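Undergrad: Pasting a structure below so you can have a look.
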């Protein structure tokens, strides 16, 4: 915001006194598209603004309020099985200023007036890959697990893990529907760690892509949707998750034999380090809505 805009914002805020300004944000966190989409809206009358002169002040009010309003949503995004972004801020692993920078990285649509001319609004999109990249701290990737007894394995173009149903929770006499997060771990059935965030070579991509069951039953030779083919190629290894692990059911357990197919060759190990992994989840967990005022 330039100096004039800052001055105008201060003047506008002062002129409103103790009036209750009706401004709010709503939107969706969509793990299947890896986007956080929001819409911020201001009731012009509540801010004492009248058209046409009040439009500029309204746009400035939207811009200045956006960061604080979206922050509460970003802080609730699931990072791993035990933490959300807000937990990382509280522990000092990241800072509120970094979260504000993520908010300001959003792609914005120019403000517009509602059809009844009573509200002014704008929409923003934040990429989940940008959030992931900001939270990754390693400078060099950790090696993907190897085996002393490799098995014969085909070369695949990606990995699809199907986890769309409730699965047994490791160490518990219960089951749970797996949910998405930024940095899920993958374990084999002997609880050897197969995949975790430090193994990722490229920081500007997410560890995994999330998708719905419909996208692996398309009417084409691969059976995959175009977005899934872009993520894992035409010849992915398809396996079923056998369980979940963690405080939140974000981490997947796969059969040891399936894990061996991945770690037995350099080509397949690189699928993990390059993030060519897709997880199929139930539609109900792939997105959620948020709102704040």
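The values are calculated or read from the model by the stated rules, or taken from the named source; none is laboratory data. Since the model is a prediction, treat every value here as computed from it, not as a measurement. All Cβ positions, glycine included, derive from the backbone under ideal geometry; neighbour counts span all protein chains shown.
Undergrad: Conditions: (1) part of a loop (DSSP other than H, G, I, E, B); (2) farther than 21 Å from residue 247 by Cβ. Residue 122 meets all but one. Number of the miss?
TA: Residue 122 satisfies every listed condition except (1).
Undergrad: Based on this model, can you work out whether residue 117 counts as surrounded by 12 or more Cβ atoms within 10 Å (Cβ to Cβ), under 25 Å from residue 65 (Cα atoms), outside the structural domain of residue 250 (by TED's automatic domain parsing) and out of contact with any strand residue (DSSP E or B) (no Cβ under 6 Å at 6 or more places or on another chain)?
TA: Numbers: surrounded by 12 or more Cβ atoms within 10 Å (Cβ to Cβ): no; under 25 Å from residue 65 (Cα atoms): yes; outside the structural domain of residue 250 (by TED's automatic domain parsing): yes; out of contact with any strand residue (DSSP E or B) (no Cβ under 6 Å at 6 or more places or on another chain): yes.
Spelling it out, it is not the case that residue 117 is surrounded by 12 or more Cβ atoms within 10 Å (Cβ to Cβ), under 25 Å from residue 65 (Cα atoms), outside the structural domain of residue 250 (by TED's automatic domain parsing) and out of contact with any strand residue (DSSP E or B) (no Cβ under 6 Å at 6 or more places or on another chain).
Undergrad: Related question: For the subset of region 255-290 comprising residues that are out of contact with any helix residue (DSSP H, G or I) (no Cβ under 9 Å at 6 or more places or on another chain) and in a strand (DSSP E or B), which member is surrounded by the most Cβ atoms within 10 Å (Cβ to Cβ)?
TA: 279
Undergrad: Condition check: in contact (Cβ under 8 Å) with a residue 24 or more places away in the chain, in a helix (DSSP H, G or I) and assigned by TED's automatic domain parsing to the domain that holds residue 178. Does residue 228 satisfy that?
TA: On the way: in contact (Cβ under 8 Å) with a residue 24 or more places away in the chain: yes; in a helix (DSSP H, G or I): yes; assigned by TED's automatic domain parsing to the domain that holds residue 178: yes.
It is true that residue 228 is in contact (Cβ under 8 Å) with a residue 24 or more places away in the chain, in a helix (DSSP H, G or I) and assigned by TED's automatic domain parsing to the domain that holds residue 178.
Undergrad: Quick one: in region 193-215, which of the residues that are out of contact with any helix residue (DSSP H, G or I) (no Cβ under 7 Å at 6 or more places or on another chain) and outside any strand (DSSP E or B) is surrounded by the fewest Cβ atoms within 10 Å (Cβ to Cβ)? Before the answer, list the steps.
TA: Filtering region 193-215 down to residues out of contact with any helix residue (DSSP H, G or I) (no Cβ under 7 Å at 6 or more places or on another chain) leaves 193, 196-198, 202, 208, 210, 213-214.
Applying the additional criterion that residues be outside any strand (DSSP E or B) yields 196-198, 202, 208, 213-214.
On the way: 196: 19, 197: 19, 198: 13, 202: 13, 208: 25, 213: 13, 214: 10.
Going through the qualifying residues, I end up with 214.
Undergrad: Hey, any hits in region 191-199 for a residue that's at pLDDT 95 or above and closer than 17 Å to residue 286 by Cα?
TA: No: region 191-199 contains no residue that is at pLDDT 95 or above and closer than 17 Å to residue 286 by Cα.
Undergrad: Here is a follow-up. Just for helices (runs of 4 or more DSSP H) wholly inside region 1-103: which have at least 1 residues that are modelled with pLDDT of 85 or more, in contact with a helix residue (DSSP H, G or I) (Cβ under 7 Å, 6 or more places away or on another chain) and crowded, with 18+ Cβ neighbours inside 10 Å?
TA: Hits in region 1-103: 54-74, 85-91.
Let's see how each residue does on (1) over 20 Å from the mean Cα position of the chain (by Cα); (2) surrounded by fewer than 19 Cβ atoms within 10 Å (Cβ to Cβ); (3) without any contact (Cβ under 8 Å) to a residue 40 or more places away in the chain:
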{"position": "166", "(1), (2), (3)": "yes, yes, yes"}
{"position": "174", "(1), (2), (3)": "yes, yes, yes"}
{"position": "180", "(1), (2), (3)": "no, no, no"}
{"position": "236", "(1), (2), (3)": "yes, no, no"}
{"position": "253", "(1), (2), (3)": "yes, no, no"}
